[in-house]
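To keep things clear, I will list the structure first and then write my remarks on it.
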Amino acid sequence: MEGSVRLLACLVCILPMGSLVRTKRDTTGNLPNTEVHSAPTQRWSMQLPAEVSAAAGEAAVLPCTFTHPHRHYDGPLTAIWRAGEPFAGPQVFRCAAARGSELCQTALSRHGRFRLLGNPRRNDLSLRVERLALADAGRYFCRVEFAGDVHDRYESRHGVRLRVTAAPRIINISVLPGPAHAFRALCTAEGEPPPALAWSGPALGNRSAGAQGPGQGIGHQVTAELPALAQDGRYTCTASNSQGHAEASVYLFRFHGASKASTIALLLGALGLKALLLLGALAAYASRRRLEDPVTQDTPPRSQAQESNYENLNQRSPRSPPAATCPPRGAPQTQASACAP
């Protein structure tokens, strides 16, 4: 009896230990399955910097890398870059890679200045933009599309902002009439950052005047007006930003102390003087022609000698035998001839 109790106690101790060992074994056996199923749960994502800056005329690189929920993909794919806004903005670059190929052949490159720098097979869509201009500034969005057995695609929502810096450049300077016979000057410049404009001239010294910008939705253009020009002379517009400066000048000269009637008379006098000079030149030309050909109108035209068709025939046929000449009657004939007796 005592031996049976000891055996039962040993069985009670062994059963929990066996259960614990089985639990550890099952947990360890499920770990590989967890790793296998963890790959498809990886989501689409794209990594881009918030901003890229470069100077006008140089090149810029727009980085873009991505992850996808497929553990391995070697089917056809397309890489796309848009400008302005995601999903609906105009495409500036597009390339396509065939199944199993790492070469993405370019199908679209706006102005030929966009080329793929990364390798889409290695999750890299980085783009290089050559010969930057101020108009290239803005947001760009990368996109990748899978085809074949897996139809999947993804596009960045926030994109990367391309900032193009440029030294100031004055694109227009002019003097325009204003109210009450006054004049005003306008100066328009572009640059990034937008330049500050300053006018200098007679009785002005050097001061900033009437900056108005941006103009007509172009953020890198600024216009400054100088109203009511009081004195004649040279007026200079200077544009400056952190990248440099530029300047241009315009001149103002007006008639002083002359009434409206006298101004009109002066203009009419100038026109009359030009007309007299033109008439004198025409008279001199006609007189010279008469001196060079004095008998043109007095001498009747000479009659030309009428050409002979027979002579022209001889000239065209130089090999034809000459005509026979008959000797005078009564003279001895030395050779046969066809002369009449």
Spelling it out for residue 92: with amide H atoms placed in the peptide plane at 1.01 Å from N, the residues 5 or more places away or on another chain with amide H under 5 Å from its amide H are 81, 82, 83
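Based on the mean of other Cβ atoms within 10 Å per residue, sort peptides 219-226, 238-245, 55-62 so the most packed one is first. Each step should come with its number before you reach the end.
On the way: 219-226: 20.4, 238-245: 17.2, 55-62: 15.8.
The most tightly packed comes first, giving 219-226, 238-245, 55-62.
Every read-out reported here was derived from the displayed coordinates using simple, explicitly stated rules and does not represent laboratory data. Being a predicted model, the structure only gives us computed values, none of them experimental. Reconstructed Cβ throughout: ideal geometry from the backbone, glycine too, with neighbour counts over all protein chains shown.
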